[in-house]
Amino acid sequence: MSRITPKNNLREIEQFACSLVKEAGEFVKARRNGNTVDVSFNKNDIERDVVTSADMGAEELLINAIRKEYPDHRIFAEETAGKLSAKDFEGPLWVLDPIDGTVNFVHHHLFVAVSVAFAFDGEVQVGVVGCPFLGETFSAVKGQGATLNGSPISVSAETVLKRSLIATGFPYDRSNLDYDLDRVRRLLSHCQDIRRCGSAAADLCWVGAGRLDGYAETIATWDLAAGGLIAREAGARMGHSGPVPGGIPPDLCGDKVVVTTPGIYDSLVAALTE
Ligand code: LIP
């Protein structure tokens, strides 16, 4: 198993990831604009959960390119993922979401993201999120800041929860609707307003860019990995408003994840848990 040594390897990996995200973004756009998208419902036996031929095609593009460049690296991708075990987090691991915001994509919304993260021993080192319909690519290398289309980004300076705009989202599985509605009640009671944009990866980047003051949801590893690093490298604080399941590194655990500009983190977690 190859190991990363000097930091410059991370810059090479970031450049490679950026090229992948751009290529997959163009693929997704072409499928949408060409109206050649087959939609399958009942993903995970939940009727409203969807996967499209564009998700599958973009994921295959990403996986093939990574396998060619880094044949001994592990890959964890939304549409073909098995269960992740603790061992899977050892060494180099790519975490992929070919289309984050698949429901938006199916309904021709523009808030759609391609998310590619590179982790090593369970710590995300590189994150790239492309929003192909918005012409925006967010990127970060651990310890080296975050950018939007190459320009540095940083979180908002907000310190008052009542003046904060918070993004959230809801699972396709609505069996715990009371929990989700309680979160909405708490957010509307304590914050300025909420946004439900439909792509966690893009929401997280928008926290990093200061367009949102925070984000709170329970999401999958592939939704969180890249956007979470980008937000942290832009100055955000990331944690969880509930226990992190054993064996999952915090960088890759989307359970009750909370990502905010630092000034409102404690008050938002209190609003969600008290
Ligand atoms: C989506 C997330 C979103 C969440 C949705 C869904 P998908 O990912 O990005 O934040 O609220 O339920 O999980 O399924 O579009 O890749």
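The values are calculated or read from the model by the stated rules, or taken from the named source; none is laboratory data. Every value quoted in this text rests on a predicted model; they were computed, and no experiment measured them. Heads up, the Cβs are rebuilt from the backbone with ideal geometry, glycines too, and the neighbour counts pull from every protein chain shown.
Points to keep in mind about this one:
- Beta carbons closer than 7 Å, at least 6 apart along the sequence or on distinct chains, never pair a first residue in the stretch 34-51 that is over 13 Å from T102 (Cα atoms) and more than 14 Å from the ligand (Cβ to nearest atom) with a second that is in a helix (DSSP H, G or I) and not small (G, A, S).
- Q144 passes every criterion in (1) under 23 Å from R232 (Cα atoms); (2) assigned to a helix (DSSP H, G or I) apart from (2).
- Residues that are more than 23 Å from V141 (Cα to Cα), outside any loop (DSSP other than H, G, I, E, B) and of a type outside the set (G, A, S), drawn from the stretch 219-264: I264
- One residue from A54, A65 being surrounded by 15 or more Cβ atoms within 10 Å (Cβ to Cβ), more than 14 Å from the ligand (Cβ to nearest atom) and modelled with pLDDT of 90 or more: A65
- So D213, is it of a type in the set (D, E), under 17 Å from L161 (Cα atoms), more than 9 Å from the ligand (Cβ to nearest atom) and touching a residue at least 40 places away in the same chain (Cβ under 8 Å): yes
- When the criteria are applied in full, R185 fails the requirement of being modelled with pLDDT under 95, charged (D, E, K, R), surrounded by fewer than 16 Cβ atoms within 10 Å (Cβ to Cβ) and more than 14 Å from A201 (Cβ to Cβ).
- The set of residues in the stretch 71-120 that are at negative phi, small (G, A, S) and part of a loop (DSSP other than H, G, I, E, B) comprises A81, G82, S85.
- Candidates A200, A146, filtered to the one that is buried (at least 21 other Cβ atoms within 10 Å of the Cβ) and within 14 Å of the ligand (Cβ to nearest atom): A200
- Considered as a group, the residues in the stretch 158-179 that are surrounded by 16 or more Cβ atoms within 10 Å (Cβ to Cβ) and not in a loop (DSSP other than H, G, I, E, B) include one that is nearest to the ligand (Cβ to nearest atom), and that residue is A167.
- Boolean, I66 is outside any strand (DSSP E or B) and touching a strand residue (DSSP E or B) at 6+ places or on another chain (Cβ under 6 Å): yes
- Subset of the stretch 203-233 that is touching a Leu at 6+ places or on another chain (Cβ under 7 Å) and among the β-branched types (V, I, T) - its residue that is surrounded by the most Cβ atoms within 10 Å (Cβ to Cβ): I230
- So L187, is it in contact with a Lys or Arg (Cβ under 9 Å, 6 or more places away or on another chain) and on the phi < 0 side of the Ramachandran plot: no
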